[in-house]
1. What are the residues in segment 60-87 that are farther than 13 Å from Arg30 by Cα, free of Cβ contacts under 8 Å to residues at least 60 places away in the same chain and either among the small types (Gly, Ala, Ser) or open to solvent by 60 Å² or more (accessible area, probe 1.4 Å) (or both), if any?
2. Step by step: first the residues of segment 47-58, then only those that are closer than 18 Å to Asn137 by Cβ and either without any contact (Cβ under 8 Å) to a residue 40 or more places away in the chain or acidic (Asp, Glu) (or both), then the one that is surrounded by the fewest Cβ atoms within 10 Å (Cβ to Cβ). Which residue is that?
3. For Ile100, indicate whether it is within 21 Å of Gly26 (Cα to Cα) and not in a loop (DSSP other than H, G, I, E, B).
4. Could you list, in sequence order, the residues of segment 88-137 that are touching a Pro at 6+ places or on another chain (Cβ under 7 Å) and open to solvent by 30 Å² or more (accessible area, probe 1.4 Å)?
5. Which residues, taken from segment 69-97, are touching a Gly at 6+ places or on another chain (Cβ under 8 Å) and in a loop (DSSP other than H, G, I, E, B)?
Amino acid sequence: MKKIINFTSLFVFMVLLVGCIGEEKGQLSRVDVQKIDTEGKYENVVMITDSETIELLRQAFEQIKWDDKMVKMARKPDVEATLFYTFDENKPERLYEHEIWFNESSGTATIISNNENESYGELDKDNAQALKNNFLN
């Protein structure tokens with residue numbers, strides 16, 4: 001009898017654990033991009049909604065190596081991107097804002113996010129180039 005109770009408790013714990021892990025995985029549905037010129041002036045917002053580009057951007061954003069340190073950048077970002085995630089069809093989308101700096105010398109990108117689980121991130125050369133191609137062209 002004790003084994004059955006232990007097994008049942010373990011099973012319930014595993015179900016709860018799996019449920020919590022999958023809860024925060026939203027679907028990227030749209031990205032709004034706003035370029036900032038060298039004088040710090042904002043350009044018009046461009047809305048990206050086509051599924052192929054959204055998938056490329058989702059894959060690139062998943063490669064960001066996040067850190068919890070706070071940083072202050074010397075210049076304005078090159079791009080501000082707002083990511084729209086759908087977690088539940090019956091609830092409104094969640095918006096996460098990202099400021100992105102493209103580092104010309106290394107080819108990488110630096111990202112600062114307003115998401116509580118992400119604050120400061122770095123993106124490698126290949127994924128930074130994918131963002132740059134989609135955001136600045």
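The values are calculated or read from the model by the stated rules, or taken from the named source; none is laboratory data. Since the structure is predicted, the reported quantities are computational estimates derived from the model, not experimental observations. Reconstructed Cβ throughout: ideal geometry from the backbone, glycine too, with neighbour counts over all protein chains shown. We work out accessible area using only protein heavy atoms, side chains counted, and drop any ligands, DNA or RNA first. Shrake-Rupley method; radii C 1.70, N 1.55, O 1.52, S 1.80 Å.
1. Glu62, Lys65, Trp66, Asp67, Asp68, Lys69, Met70, Lys72, Met73, Ala74, Arg75, Lys76
2. It comes out as Glu52.
3. no
4. Glu99
5. Lys76, Phe87
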